[in-house]
Each structure stands twice: as structure tokens, then as C-alpha cells.
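Some notes on the structure that comes next.
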Amino acid sequence: MRFALLAAAFVGCSDYNYAEKRPSPKVDDVCDAADTPEGGAVEVDDTCLREPTVGSFTPVVEWQWTANRDFPGYDDLMATPAVGDVSGDGVPDVVFTSFAGGAYTSAGTITAISGADGAQLWSVMPGIYASAGVALGDLDGDGAPEVCTAGMQYAVVCLDGAGVLKWEAGAEVSYVGAPAMADLDGDGSAEVVFGRQVFNADGSPRWVGAGGVGYSMSFAADMDGDPALEVVAGNTVYDTDGSILWASGGFDGIPAVGDFDADGLAEVVTTGNGTVTLTDDTGTILWSVSVPQGGGGGPPTVADFDADGAPEIGVAGGYAYSVLEADGTTRWSMPVQDYSSAVTGSSVFDFEGDGAAEVVYADEETLWVFDGSTGAVELAMGEHASGTLYEYPLVADVDGDGSSEIVLASNNYAFAGWNGITVIGDADSSWAASRPVWNQFAYSITNVDDDLGIPTTPTKNWSAWNNFRAGGTLEGPPSWLPDLRPGELSACTDVCGDGEAALYVPVENHGLAAAENVLVQIIGPTGLILDSGTVPRVESGGTAIAGPFVLDRADWGKEVRARVDGGNVIEECNEDNGTSHVLGWPCD
């Protein structure tokens with residue numbers, strides 16, 4: 001099964017870098033809009049892969065943050081951090097809440113540190129809960145991200161990227177709540193979702209629902225294909241306007257989404273109260289099973305753990321971390337120790353780039369990395385400590401070196417060991433690439449841009465990756481390659497009266513990975529390059545239209561053809577299909 005991104009084709013003549021032979025006019029100058037071809041979806045070759053370069057797995061601690069410079073003692077973490085460049089210096093930052101003296105349900109600090117080395121940027125104490133989740137994103141589209149978390153008197157507290165308070169709003173508070181950011185109606189201004197409450201970018205209330213809250217760990221997703229976003233809050237999905245789209249009647253647990261039946265629509269998996277429940281896209285409960293070994297049930301992780309092309313569910317209980325198949329049966333369980341809460345979470349990532357995912361999980365005393373298919377232990381780092389709530393370690397490229405790191409939150413509230421933030425990388429910097437962002441507790445790859453912009457119309461993550469709380473890049477795994485081919489050439493004859501014709505070249509991508517800066521050349525009958533341009537991007541399974549290339553009768557000659565990526569600058573799975581059939585002079 002393929003989880004590549006599909007995008008609409010585009011025409012954008014001003015984006016092409018034409019040869020100096022002649023400046024090519026814009027479409028509107030030479031051709032009627034009706035004559036401009038439209039690109040469409042093309043078939044993708046699932047075998048368009050390179051042999052992966054398998055890296056090593058030699059984890060080492062790269063750096064640690066263990067002491068709060070501005071608020072001494074506030075250096076214990078029992079919440080998932082977030083990653084993104086909030087300072088604007090081009091380097092990802094790690095942002096998190098923390099507590100002191102075991103007071104994890106009381107007031108705490110929110111702190112930003114540099115992902116490069118852990119240097120503290122700022123720390124403030126604006127009336128927020130010490131174990132609340134953090135969300136990062138540019139809410140108002142001004143290019144500067146906001147930082148939001150759960151407040152004590154107000155449900156959500158939002159700061160600017162320097163830690164200065166911007167707004168606080170909402171009455172339904174939660175000490176373990178985690179805001180999420182999304183542009184619900186696609187108007188370019190994002191909203192903040194917290195439980196069943198939604199706030200506009202400026203903090204003004206948008207609506208409060210009448211059903212479930214999803215442990216105040218809800219998020220937005222397009223659940224009905226309309227394509228505005230809905231709010232997924234445990235046993236309730238709210239429509240864009242706050243009305244209830246459906247309510248399952250099941251337990252109001254922590255949600256995640258994935259396409260478990262390959263129908264293109266998302267199902268909701270929830271955990272909590274000792275159960276894992278899968279609900280279809282209409283609110284019908286498909287199954288509900290007990291969390292294996294120890295009850296509880298932390299936030300669910302969705303991924304293809306065993307590389308069989310279908311998603312599974314990862315969930316932790318008090319005594320085991322388990323992976324469940326899409327029908328609720330247990331694939332494997334490995335013993336862990338989480339007697340404190342039995343509700344910790346996990347993330348998934350393919351560190352070695354070999355196509356096999358690993359599970360990253362931390363219990364009370366150990367950071368674990370399990371083989372996704374079998375549960376075999378690949379790492380057991382015993383220096384970690386936590387009294388545990390809903391936190392989980394995440395995977396991101398926090399220092400921008402092209403190799404991923406694990407970001408781990410720890411506290412010595414109940415156990416002796418690390419506290420604060422520990423960043424773990426590979427000794428050879430060979431771990432596969434991942435994004436420089438992990439912007440919220442309810443993270444999926446397509447819910448945020450690399451620069452912390454909030455997408456107006458995000459790609460459905462289950463149609464692209466089919467995972468949740470899993471790391472990766474927007475371009476796909478390292479083994480994916482593009483396959484660029486010219487489609488059928490077409491001409492506009494509106495300028496034939498001037499002895500010229502305009503040529504359009506569809507650039508198709510039949511590969512798994514997107515391609516950028518694709519060179520398009522127009523070749524005359526003698527092999528001379530008559531004109532050239534650059535297509536900025538061609539998505540996997542999509543088509544971009546290059547042109548119009550305006551040529552006179554003498555240049556065109558008997559026929560012309562097009563060539564894409566003529567210099568083989570872009571690595572493709574097939575380098576021999578980049579030249580088109582010929583097109584004769586269209587004006588006769």
C-alpha cells in the first residue's frame with residue numbers, strides 16, 4: 001500500500017526560469033484560459049524505490065537541560081514537549097512545561113530552549129498548569145508562531161515566540177490538557193482546539209460543544225470529506241460549527257485517527273479506562289478490547305509497525321507496551337513498568353532507514369526502543385525517570401543536522417534518575433532524517449508546516465502516511481524516489497497569426513516521492529535546445545504544467561519534443577523515460 005502525498009496540478013508561468021533566447025510571455029498574454037491544459041492524477045509505481053542505506057543504531061546523549069535558569073527548581077517534566085523554531089533564528093527550539101517539588105498538578109513554568117545545545121531562551125510562569133501539553137504554530141498568519149498551553153484560570157493560555165502573553169480564554173480547564181492548532185474553515189486564520197472548546201486566533205471564543213472532551217487532548221481532522229475540518233474529541237466528533245457530527249456512546253478516551261479499512265476515510269481509535277476502542281467514520285463502534293496487561297491505556301499511536309502495508313495501534317498499560325492489529329487482536333506485548341499512571345504514550349520512527357519502524361517509549365525508569373514488528377528490545381536506557389502521566393518521547397531533527405534525535409522528558413519526582421530534557425542522537429549521525437517540528441501532543445505529519453505555519457487545507461494524514469504520533473518527513477521515507485515523465489504535449493494556436501505557437505508540457509510524477517526544481521527543455525528537430533524552464537514542484541501522483549513556451553515557425557521546424565530533468569540532476573527510479581513524443585507545427 002502506498003502512502004504518498006497527492007496534490008493538485010498547477011499552472012504558474014511566472015515560476016519558470018526561461019532561457020535568455022527569448023522571454024516567454026505569460027499565459028494570459030498569448031492564450032485564452034480555456035486553451036491552458038489542466039494536469040491530473042497519474043498512476044504511481046509502488047516499486048519506485050532505492051535500496052535503503054541502512055544506518056547504525058548507536059544512541060548517545062547529545063545534550064541535556066536539567067536546571068531552570070530563571071525559576072530554580074522548576075526543572076521536572078511530566079508532559080510531552082513540542083519542537084519548532086519559535087525564536088526565529090532558523091534553529092528548532094524545544095518548548096515544554098515543568099514543575100518543582102513534586103507539584104505537578106499546580107502552577108508551573110513554560111520554557112523554550114535551543115535545539116542546538118539546550119541553551120535556555122526564556123522561561124515564564126503565566127498561570128499555567130505544570131504538566132500541560134504545549135502547541136506551537138502561526139495562528140494569525142503573520143509569520144511569527146504562537147505558543148499555547150493549558151491554563152489554571154483559563155482553559156488556554158497563548159504566548160508569542162518570546163514568551164510574552166498574548167491572550168487567555170476558556171472556562172473548561174484541565175491540568176493535563178493539551179491544545180491543538182488547525183485552520184478549521186480554511187480561511188487562513190487558525191483556531192485553537194482544547195477539549196470541546198474552540199478559540200479563534202485572537203483568543204475570542206468560537207464555540208463550546210455539548211459532548212465529549214477527549215481528555216482535553218482533542219484535535220482537528222477532515223472526518224467527512226467536506227473538506228473543512230472537524231474536531232475529534234474522544235467519543236464525539238464535532239462539525240466545523242460545533243454541532244455534533246456523531247457521538248459513539250463509548251468511553252470518552254484519548255483519540256487518534258487512521259484509515260484501518262483502506263476505504264479512504266478515517267476511523268477513530270480511543271484509549272483510556274483500561275480499554276482500546278475503534279470507531280468507524282459514522283460513529284459506530286467496531287470493537288473494544290482491554291488494554292493488555294495492566295489496564296490504563298496511554299495515548300494511542302498509529303503506524304505500520306510491521307511493514308505489512310496496514311496500520312496497527314500501539315498502546316501502553318501498567319505492565320506492558322502492546323501493538324494491536326486493526327481487528328483488536330494483540331500482535332505483541334513487551335513488559336514495561338508504569339505503575340504510577342499506566343497511561344504513558346509513545347512515538348514511532350524508522351531510525352535506520354531500512355523500512356522497518358521502531359517504537360520509542362519511556363516508562364518510570366527506562367527509555368525503550370522496540371522493533372515495531374516483533375517487539376524485540378533495541379534500546380533500554382535506564383537513566384530515565386518519571387512519575388508518569390500522559391507524556392511520551394518524540395522524534396525530530398532538533399538541531400538541523402539532517403539526522404533525527406529523540407527528545408525525552410524526565411523527572412525525579414518519584415524515581416531517581418534524569419530530570420528535565422534529554423536529547424539522544426546517533427553516534428555516527430546516521431539516523432534517518434525527520435522534520436524540525438513536532439508541534440503538539442496530537443501530532444501528525446501533515447498538520448503543520450516545517451516553519452510552524454498551520455495549513456489552510458492540510459493533506460489528510462491517513463491518505464499520505466496513515467499514522468499518528470509518528471515521525472518522518474513530508475517527502476516520505478528515504479527509500480522513495482520520483483519518476484518524472486513528460487505527458488502528451490499540447491499547443492495553443494492563438495498566436496499563429498504572428499507566426500508563432502505556444503507549447504505546453506505536462507510534467508508527470510509516477511514515483512513515490514515529490515520532486516522539486518524540475519528542468520524542462522524544448523528540443524528542436526536537430527537536437528538543439530530551443531527553450532527551457534523549471535517547474536518548482538511535482539507531487540507524487542500529480543502533474544505540473546510547464547509553459548507556454550512560445551516558438552516561431554523557423555525554430556519549431558518540422559517537430560519539437562520535450563525533455564524533463566535532462567541533466568539527471570534528480571535521482572529517479574527510471575532515468576530513461578524523460579523524453580516526450582514529438583509534436584508537429586500546429587498552425588497549418
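The values are calculated or read from the model by the stated rules, or taken from the named source; none is laboratory data. Remember, predicted model here, so these are calculated numbers, not experimental data. A quick note on method: Cβ atoms are made from the backbone with ideal geometry, for glycine too, and the neighbour counts reach across all protein chains shown. Just the protein is used for accessible areas: all its heavy atoms, side chains included, with ligands, DNA and RNA removed. Shrake-Rupley method; radii C 1.70, N 1.55, O 1.52, S 1.80 Å.
Close amide-amide hydrogen proximity is noted between Glu405 and Ala396, Asp397, Val398, each under 5 Å apart and 5 or more residues distant or on a separate chain (H modeled in the peptide plane; Pro and chain starts excluded).
Element breakdown for the chain at a 1.4 angstrom probe: carbon and sulfur atoms account for 48% of the accessible area.
To the nearest whole percent, what portion of all C-alpha pairs in the stretch 333-452 is separated by more than 22 angstrom? It works out to 34 percent of all Cα pairs. The residues packed around Trp65, meaning those with a beta-carbon under 12 Å from its beta-carbon, carry a net charge of -4 if Lys and Arg are +1 and Asp and Glu are -1. Modelled spin-label separation between Asp552 and Asp428, with each label point placed 7 Å from Cα along the Cα-to-Cβ direction: 6.0 nm. The separation of the stretch 211-257 from the stretch 519-535, counted between C-alpha centres, amounts to 51 Å. Dividing the Cα radius of gyration of the stretch 212-309 by its Kirkwood radius returns 0.96 for Rg/Rh. Give the average over all directions of the projected area of the C-alpha convex hull of the stretch 44-119, one decimal, in nm². Over every viewing direction, the Cα hull of the stretch 44-119 projects on average to 9.0 nm².
With the helix formula -39500 (n - 2.57) applied to DSSP H stretches of n ≥ 4, the chain reaches a computed 222 nm mean residue ellipticity of -500 deg cm²/dmol. Stretching the chain fully between Thr66 and Ala119 yields a gain of 18.0 nm (0.36 nm per residue, less the alpha carbon separation). Between beta-carbons, use under 10 Å as the cut-off and find the net charge around Val348, counting Lys and Arg +1, Asp and Glu -1. With Lys, Arg at +1 and Asp, Glu at -1, the net is -3.
Once C-alpha pairs closer than 8 Å and six or more residues apart are averaged by separation and normalised to the residue number of the chain, the relative contact order reads 17 percent.
Give the accessible area for Ser346 in Å² (nearest 10); use a 1.4 Å probe, count only protein heavy atoms, and leave out ligands, DNA and RNA. Here the residue's solvent-accessible area equals roughly 0 Å².
Using the charge dipole of the chain (Lys, Arg: +1 at Cβ; Asp, Glu: -1 at Cβ; taken about the Cα centre), state which of Ser218, Gly557, Pro311 has its Cα farthest towards the positive end. Result: Ser218. Note down the accessible area of Trp122, probe 1.4 Å, to the nearest 10 Å². Its accessible surface works out to 30 Å², give or take rounding. Given H placed on each backbone N at 1.01 Å, which residues far from His384 in sequence or on other chains put an amide H within less than 5 Å of it? Placed amide hydrogens put Leu367, Trp418 under 5 Å from His384. If the Kirkwood radius is taken over C-alpha pairs of the stretch 268-383, then at 10 °C and 1.306 mPa s the Stokes-Einstein diffusion coefficient equals 114 µm²/s. Across the stretch 396-413, computed HN-Hα scalar couplings (Karplus, 6.51 cos²θ - 1.76 cosθ + 1.60, θ = phi - 60°) run 7, 8, 7, 10, x, 9, x, 10, 6, 10, 8, 10, 10, 9, 9, 8, 10, 4 Hz from first to last residue, x flagging Gly and Pro.
Measuring r between the beta carbons of Asp89 and Asp588 and using R0 = 60 Å, the FRET efficiency lands at 0.50. When peptides 201-214, 72-85 are sorted by average Cβ neighbour count within 10 Å, with the highest value leading, the order is 72-85, 201-214. With the convex hull drawn around the C-alpha atoms of the stretch 329-388, the volume per residue stands at 86 Å³. Rg ratio for the chain: its Cα radius of gyration over 2.2 N^0.38 Å, N being its residue count, equals 1.03. Summarising the amide proton neighbourhood of Gly345: residues at separation of 5 or more, or on other chains, whose placed amide H is nearer than 5 Å comprise Glu391, Tyr392.
Heavy-atom accessible surface of Tyr413, to the nearest 10 Å², is about 100 Å², with a 1.4 Å probe and all protein chains retained.
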